[in-house]
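A.B. asks: The structure under discussion is supplied below as structure tokens; questions concerning it will follow.
Read-outs: derived from the displayed coordinates by stated rules, not from any lab. Just so it is clear, the model here is predicted, and its values are computed rather than measured. As a convention, Cβ positions derive from the backbone with ideal geometry for all residues, glycine included, and neighbour counts pool all protein chains shown.
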Amino acid sequence: MKRYGILCDGGDAPGINAAIRAVAREAYEKDDEVLGFIDGFIGLIKNDVRIITKDVVSGILPLPGSVLGISRINPFKDPKNVQAIKENFRKNSLTLLVIIGDRDTVDIAKKFSDEGIPSIVIPKTIDNDVYGTDFTIGFDTAVTTISSALDNLHATASAHHRAMIVETMGRETGWLALFGGIAGGADYIIIPEIPYKMEEVAAHLAKRKKEGKNFSIVIVAEGAPLPEGKAEQKEYDEFGHPVNSKRMVGYTIMEELEKITHIKTRTTVLGYIQRGGIPTNTDRILATRLGVAAIKFADKGKFNGLVGVCGRDIVFSPLEEVAGKIHSVNLEFYRLAKTFF
């Protein structure tokens, strides 16, 4: 009998509970045990643990958030935390950790594998920036939220004859802005992977106005560079990543566009509503597939890797092949979007 420890790391995303359920249900089929650690690595450090029974996962498939809680910490910032995790891993007689996490989680898991703690990572993040998988749990739901927001903003933008700037999350990648912009009919999309000039954006909006289109919606990813000439004042988290919410790139672009075009412009920062909501069927199915696959791989003795989806296939990627890498936007999708600019 194997004993799996499961925890959630990083930012929350719709579909986490579906993944927890899948891991537990597949483990039950093999008469294995699952222990859940509360609030991610914090729970593993404090040994705040509960047995995951059938009752715990009953009815959680459609629930947003995480029944186990979640946290974003870097356990390697304090050697005492690493030692505590090692001790609690042994104390609970764990076979391995199943970590539902993001890009930073992959890097943490790689370091723990070097310390002798085996794991399998299930990728979840609305940002879709985890290397080794085409899509992450939570991304589809967040795109649905963004496209719905754009649907609503079309009405007020048209009524007031305004340009609307919509800022999405995404960290250093533009997946959310790009897919949300395509699905929601954005008139211009600004992402970190593609350079842009304010004069070109302004010219596009002016062209639309000349054609009788009295409003425009520009969607921008939070990690996109500020307009040329605007100084960056970045803050960084404990993993060394910029805190993009402090940059307010959407508001900066709004101010520059108004100066150039003299079109009334407003900004909407979608923020944390992108992380909420009932997971879509696509995210529920992806979470279920990845959760089941994680246990199947572990049962075959495959661990210290990430379980992801490539095309229609579930794939296993060793941590050394995916750690430290970013899944950037496939530019074919941007070329598709540009045909509608």
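A.B. asks: Take peptides 196-209, 325-338, 27-40 and line them up by average Cβ neighbours within 10 Å, highest first, as a rough protection proxy.
C.D. replies: Order by mean packing, descending: 27-40, 196-209, 325-338.
A.B. asks: Also, quick follow-up: Which of (i) 146; (ii) 123; (iii) 137 is the computed volume of the Cα convex hull per residue in Å³ for the structure on display?
C.D. replies: Among (i) 146; (ii) 123; (iii) 137, the one derived from this structure is (ii).
A.B. asks: In nm, what is the difference between 0.36 nm times the number of residues separating Ile273 and Leu331 and their Cα-Cα distance?
C.D. replies: Using 0.36 nm per residue and subtracting the Cα-Cα distance, I get 18.2 nm.
A.B. asks: To test your reading of the geometry: what angle, between 0 and 90 degrees and rounded to tens, separates the Cα axis of helix 198-210 from the longest principal axis of the chain?
C.D. replies: The two axes meet at around 60 degrees.
A.B. asks: Let me ask something additional. Tell me the mean residue ellipticity at 222 nm calculated for the chain from its helices only (DSSP H runs of n ≥ 4, each -39500 (n - 2.57), averaged over every residue, nearest 500).
C.D. replies: The per-residue figure over the chain is -12500 deg cm²/dmol.
A.B. asks: Residues with amide H under 5 Å of Thr95's amide H, sequence separation 5 or more or different chain, H placed in the peptide plane at 1.01 Å from N; which?
C.D. replies: Close amide H contacts, sequence-distant or interchain: Arg3, Tyr4, Gly5.
A.B. asks: Please compute the length gained on full extension between Thr339 and Lys296, using 0.36 nm multiplied by the number of residues separating them and subtracting their Cα-Cα distance.
C.D. replies: Value of the extension gain: 11.2 nm.
A.B. asks: Stretched out fully, how many nm does the piece from Ala183 to Cys310 gain, at 0.36 nm a residue minus the Cα gap?
C.D. replies: 43.5 nm
A.B. asks: Report, for the range 141-276, the % of DSSP beta bridges that are antiparallel, rounded to 5.
C.D. replies: Counting only bridges with both partners in the range 141-276, antiparallel ones make up about 5 percent.
A.B. asks: Going 7 Å from the Cα of Arg50 in the Cα-to-Cβ direction, what parts of the range 62-94 have a backbone nitrogen less than 13 Å from that spot?
C.D. replies: Under cut-off, by backbone N: 66-70.
A.B. asks: Relative contact order for the chain using alpha-carbon pairs under 8 Å, separation at least 6, rounded to a whole percent?
C.D. replies: With pairs under 8 Å counted, the relative contact order is 23 percent.
A.B. asks: With angles folded into 0 to 90 degrees, how steeply does helix 16-29 sit against the dominant principal axis of the chain? Use alpha carbons for both and round to 10.
C.D. replies: 30 degrees
A.B. asks: Find the relative contact order for the range 141-276 and round it to a whole percent, using C-alpha pairs within less than 8 Å whose residues are 6+ positions apart.
C.D. replies: Computed over the range 141-276, the figure is 34 percent.
A.B. asks: Test of understanding: ordering Asp9, Asp313 by Cβ neighbours within 10 Å, fewest first, what list do you get?
C.D. replies: Ordered from fewest to most neighbouring Cβ atoms within 10 Å, Asp9, Asp313 come out as Asp313, Asp9.
A.B. asks: What is the spin-label model distance, in nm, from Glu321 to Lys77 if the labels are put 7 Å beyond Cα along the C-beta direction?
C.D. replies: Here the modelled spin labels are 3.2 nm apart.
A.B. asks: Which lysines have a Cα lying under 26 Å from the Cα of Lys77, excluding residues fewer than 8 positions away in the same chain?
C.D. replies: Result set, ordered by chain and number: Lys46, Lys86, Lys91, Lys110, Lys111, Lys124, Lys234, Lys246, Lys325.
A.B. asks: Still on this model: Could you calculate the FRET efficiency of Lys209 with Glu87 from 1/(1 + (r/R0)^6), where r is the beta carbon distance between them and R0 is 56 Å, rounded to 0.05?
C.D. replies: Once rounded, the FRET efficiency stands at 0.30.
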